[in-house]
Amino acid sequence: MMQAKRNIAVTVLLLVVSFVIHAQKNSKPNIVLIYTDDLGYGDISCNGYSAIQTPNIDKLAKKGVNFTNAHSTSATCTPSRYSLLTGQYAWRKDGTGIAPGDASLLIPTTITSLPGLLKKAGYQNAVIGKWHLGLGGKEGPEWNGKIAPGPLEIGFDYSFLIPATGDRVPCVFVENHHVVNLDQKDPITVNYKEPVDPNAPTGKNNPELLKMHPSHEHDNSIVNGVSRIGYMKGGKAALWKDEDFADVFVRKAGQFITDNKSKPFFLFFSTHDIHVPRLAHERFVGKSGMGPRGDVLLQLDWTVGEIYKILEENKLLKNTLIIFTSDNGQVIDDGYKDESVEKLGTHKPGGNFRGGKYSAFEAGTRVPFIVSWKGKVKAGKKSDALFSQVDFYASFAKLVGVPVEQNMAADSRDYLSTLLNQKSMSREYLVEHSLTNTLSVIKGNWKYIEPSGAMAFNKKTNTELGNLKAPQLYDLSTDPGEKNNLAEKYPEKLTEMKNLLESVKQKK
Ligand code: NG6
Ligand code: CA
């Protein structure tokens with residue numbers, strides 16, 4: 001009798017424990033952040049400006065909420081990613097501009113970065129795809145040895161990386177601490193100043209070897225028929241094939257998701273698409289009618305569909321917050337002659353917004369932004385709330401139930417209810433940062449761009465950088481294309497916005 005009672009008690013206890021574990025798991029949703037590269041606001045068909053159909057991305061929007069006024073913190077890659085992972089505007093820290101391929105790790109290991117924060121809530125964290133935040137200590141990455149510190153030292157449990165960008169050497173994947181497939185008898189040498197092998201062909205001297213030609217720069221070492229930024233030699237067995245990027249990353253993501261489906265996980269899935277060099281897998285080549293830029297856009301859309309399918313097959317949709325966005329706005333010619341200018345046609349990659357990647361104008365940072373979470377985020381909605389990627393940090397902290405430590409993520413605010421479209425509350429103000437370190441601030445319908453003596457137009461990329469020696473003030477509600485500078489007409493508003501930006505700069 002006693003034994004029977006004890007058995008019942010044990011069974012009840014086990015049921016309670018498993019219920020608690022289950023409830024905990026449910027209260028800690030997975031987070032999948034699909035972070036695309038150089039994707040413009042108008043590049044996805046659900047935003048209404050695209051001549052290319054992106055059905056999988058549109059499906060995500062149909063099942064979730066599509067934001068029309070969400071921003072990366074910067075108009076280039078490295079600072080946007082830095083802000084996203086630290087909750088601090090990158091422009092507060094020197095050396096966080098576009099990183100060379102041999103840069104040291106830019107995120108201090110002494111701070112609690114976003115994956116470190118999630119770790120405290122019991123998350124398994126992975127970064128798969130483009131990194132571009134430096135690797136290694138002061139001397140930079142030891143390509144032939146243990147590459148550390150890196151993502152694993154700031155809280156990721158798994159990493160599979162393009163170390164910098166597709167157009168920068170070394171053209172090898174780094175998995176956790178090591179170059180994938182490196183033959184120790186064929187060590188890698190990297191140099192960003194001068195050729196490492198004077199006899200090796202380069203894009204500059206041997207254009208006959210190229211399958212895609214540079215339009216400007218990008219004429220150093222040749223890998224896979226494409227010349228890159230920087231020089232490398234060695235590592236033959238480890239060299240990547242650009243055409244396989246999307247397939248490789250989807251495969252790695254699938255593995256990570258299935259391995260971790262019973263724990264809460266954060267997947268920072270950072271695509272190479274649609275950055276240069278644009279080399280789609282052969283099944284997408286020629287399919288867009290818009291040349292390589294359109295083809296890799298189709299490949300990106302396929303990627304999103306695959307990630308969604310993997311989550312669905314693992315029955316994780318109800319417990320996974322999916323976010324789709326970009327690190328900066330669109331660019332057309334970014335260094336290769338890939339017909340992107342000639343074949344653009346009626347496609348409007350920046351929508352109605354002015355500028356693009358690198359620029360202080362809106363298209364620099366106003367990016368595609370979709371949030372989907374089955375059963376949690378109401379389907380088929382739009383939100384015009386102002387949202388900044390710097391707020392992922394504090395918003396995710398709220399989501400997973402851990403506090404933001406003092407002195408961490410100073411620029412990040414909790415806008416979880418905005419992110420989940422439970423409230424349409426906008427960020428009070430938001431700062432944008434351009435290639436030339438020009439800062440702008442948006443508050444309500446007003447945008448102020450600080451005066452700057454920097455170059456106003458980049459002839460190579462054909463980009464308006466948005467700089468003027470005079471201050472600029474725009475009313476985005478009536479002038480989203482930033483054509484009508486109202487600085488002289490509204491001096492009081494101008495002063496108010498200038499003071500606001502100054503006060504944000506003063507904060508630490
Ligand atoms: C620029 C490169 C550009 C691209 C960019 C980084 C030149 C002339 N241009 O310096 O091709 O690689 O850096 O892009 O070298 S980002 O999206 O990673 O910020
Ligand atoms: Ca980018």
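The values are calculated or read from the model by the stated rules, or taken from the named source; none is laboratory data. None of these values were measured; they are calculated from a predicted model. With ideal geometry, Cβ positions are generated from the backbone for all residues, glycine too; neighbour counts draw on all protein chains shown.
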What residue, of Gly134, Gly145, Gly155, is at pLDDT 95 or above and in contact with a His (Cβ under 9 Å, 6 or more places away or on another chain)? Gly145
Strands (runs of 3 or more DSSP E) within the range 321-436 that include 3 or more residues more than 16 Å from ligand 2 (Cβ to nearest atom): 369-372, 381-383
Return a yes/no flag: does the range 259-276 have any residue that is within 16 Å of ligand 2 (Cβ to nearest atom), farther than 15 Å from Thr303 by Cα and in the same structural domain as Tyr308 (by TED's automatic domain parsing). yes
May I ask you to verify whether Asp301 is within 16 Å of ligand 1 (Cβ to nearest atom), in contact with a helix residue (DSSP H, G or I) (Cβ under 8 Å, 6 or more places away or on another chain) and of a type in the set (Asp, Glu)? no
Within the bounds of the range 209-224, is there any residue that is of a type in the set (Ser, Thr, Tyr), closer than 30 Å to Tyr158 by Cα and touching a residue at least 24 places away in the same chain (Cβ under 8 Å)? yes
Which of the numbered conditions does Pro292 fail, given that it passes all the others? Conditions: (1) within 18 Å of the chain's Cα centre (by Cα); (2) within 16 Å of ligand 1 (Cβ to nearest atom); (3) in a helix (DSSP H, G or I). (1)
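Tell me, yes or no, whether the range 304-324 has at least one residue that is at pLDDT 95 or above and touching an Asp or Glu at 6+ places or on another chain (Cβ under 8 Å).
No, because not a single residue in the range 304-324 is at pLDDT 95 or above and touching an Asp or Glu at 6+ places or on another chain (Cβ under 8 Å).
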Breaking point among (1) surrounded by fewer than 24 Cβ atoms within 10 Å (Cβ to Cβ); (2) on the phi < 0 side of the Ramachandran plot; (3) of a type in the set (Gly, Ala, Ser); (4) in contact with a Ser or Thr (Cβ under 7 Å, 6 or more places away or on another chain), for Ser113: (1)
If you go through the range 261-285 one residue at a time, how many are part of a loop (DSSP other than H, G, I, E, B) and either in contact with a Phe, Trp or Tyr (Cβ under 9 Å, 6 or more places away or on another chain) or crowded, with 23+ Cβ neighbours inside 10 Å (or both)? 15
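Restricting to the range 309-348, name every residue that is away from ligand 1 (no atom under 16 Å from the Cβ) and under 24 Å from Ser388 (Cα atoms).
To start, the set of residues in the range 309-348 that are away from ligand 1 (no atom under 16 Å from the Cβ) comprises 309-324, 339, 342-348.
Hits for the range 309-348 are Asn319, Thr320, Leu321, Ile322, Ile323, Phe324, Lys348.
Which one is surrounded by the fewest Cβ atoms within 10 Å (Cβ to Cβ), of the residues in the range 212-253 that are among the basic types (Lys, Arg) and more than 16 Å from ligand 1 (Cβ to nearest atom)?
Top of the filtered list is Lys236.
Across the range 78-117, what is the number of residues that are away from ligand 2 (no atom under 16 Å from the Cβ), without any contact (Cβ under 8 Å) to a residue 40 or more places away in the chain and either among the aliphatic types (A, V, I, L, M) or not in a loop (DSSP other than H, G, I, E, B) (or both)?
Taking the range 78-117 first, the residues away from ligand 2 (no atom under 16 Å from the Cβ) are 86-89, 91-95, 102, 104-105, 107-117.
With the extra rule that they be without any contact (Cβ under 8 Å) to a residue 40 or more places away in the chain, the set shrinks to 93-95, 104, 108, 110, 116.
Going one step further and asking which of them are either among the aliphatic types (A, V, I, L, M) or not in a loop (DSSP other than H, G, I, E, B) (or both), we end up with 116.
Within the range 78-117, residues that are away from ligand 2 (no atom under 16 Å from the Cβ), without any contact (Cβ under 8 Å) to a residue 40 or more places away in the chain and either among the aliphatic types (A, V, I, L, M) or not in a loop (DSSP other than H, G, I, E, B) (or both) number 1.
Restricting the range 184-194 to residues that are in a loop (DSSP other than H, G, I, E, B) and surrounded by 14 or more Cβ atoms within 10 Å (Cβ to Cβ), which is farthest from the chain's Cα centre (by Cα)?
Of the range 184-194, the ones in a loop (DSSP other than H, G, I, E, B) are 184-188, 192-194.
Among the residues that remain, those that are also surrounded by 14 or more Cβ atoms within 10 Å (Cβ to Cβ) are: 187-188, 192.
Details: Pro187: 30, Ile188: 27, Tyr192: 24 Å.
Within the range 184-194, the match that is farthest from the chain's Cα centre (by Cα) is Pro187.
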Among the residues in the range 394-414, are any over 29 Å from Gly350 (Cβ atoms), in contact with a Lys or Arg (Cβ under 7 Å, 6 or more places away or on another chain) and among the charged types (D, E, K, R)? yes
